[in-house]
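Asker: This is the structure, below, for whatever I ask next.
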Amino acid sequence: AGDFIISKLVYHVTAAPSRNVLQKCAGNLKAGLHPILLIPREQENKARILAQDEGIDTELTVFSIEDFVALNIIELATEENKDFFSVLKEIVAIYNKRLSEVETDLSLQIEVR
């Protein structure tokens, strides 16, 4: 149904929204699910136009990946009563650890300052 499913929420994550992804979102709606499309900020207008073309623009939630990640980091920091940047550093450390376990190209690691 999508990349991630939590209860009735179906997350579709893509760097380049396409008609195919929006048709999947339309199928989610018909199945009684709520699709959430996560895309890069510069792709938001394209995604909204495609959603209008599919007739689902008022039922689909579109978030930029940047806003979605920032909001989740803020939420985690608030819940754990931690500083925003310390939570971000923890996430980056986990990312780098997982990356080093499976990736041969370590240039994808993020440097924390």
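Asker: Any idea how many residues of segment 72-98 are loosely packed, with under 13 Cβ neighbours inside 10 Å and aliphatic (A, V, I, L, M)?
Answerer: 2
Asker: Among the residues of segment 27-41, is there at least one that is open to solvent by 70 Å² or more (accessible area, probe 1.4 Å), part of a loop (DSSP other than H, G, I, E, B) and out of contact with any Gly (no Cβ under 9 Å at 6 or more places or on another chain)? Step through it out loud before you land on a result.
Answerer: Residues of segment 27-41 that are open to solvent by 70 Å² or more (accessible area, probe 1.4 Å), as a first pass: 30-31, 41.
If we keep only those that are part of a loop (DSSP other than H, G, I, E, B) as well, we get 31.
Remaining after also requiring out of contact with any Gly (no Cβ under 9 Å at 6 or more places or on another chain): 31.
Checked against the condition, which is being open to solvent by 70 Å² or more (accessible area, probe 1.4 Å), part of a loop (DSSP other than H, G, I, E, B) and out of contact with any Gly (no Cβ under 9 Å at 6 or more places or on another chain), segment 27-41 yields at least one hit.
Asker: Residue check: is Pro40 in contact with a Leu (Cβ under 6 Å, 6 or more places away or on another chain) and of a type outside the set (Asp, Glu)?
Answerer: In short, no.
Asker: A further question follows. From the list Glu66, Glu59, exactly one residue is surrounded by fewer than 15 Cβ atoms within 10 Å (Cβ to Cβ), of a type in the set (Asp, Glu) and under 23 Å from Ala1 (Cβ atoms). Which is it?
Answerer: One residue alone meets the criteria, Glu59.
Asker: Considering each residue of segment 1-48, count those that are touching a residue at least 24 places away in the same chain (Cβ under 8 Å) and not aliphatic (A, V, I, L, M), and give that number.
Answerer: The qualifying residues number 19.
Asker: Within segment 45-71, which residues are touching a Lys or Arg at 6+ places or on another chain (Cβ under 9 Å) and part of a helix (DSSP H, G or I)?
Answerer: Leu50, Asp53, Glu54, Ile65, Glu66, Asp67
The values are calculated or read from the model by the stated rules, or taken from the named source; none is laboratory data. Keep in mind that what you see is a predicted model, and the values were worked out from it rather than measured. We place every Cβ from the backbone using ideal geometry, glycine too, and count neighbours over all the protein chains shown. Ligands, DNA and RNA are excluded from the accessible area calculation, which covers all protein heavy atoms including side chains. Shrake-Rupley method; radii C 1.70, N 1.55, O 1.52, S 1.80 Å.
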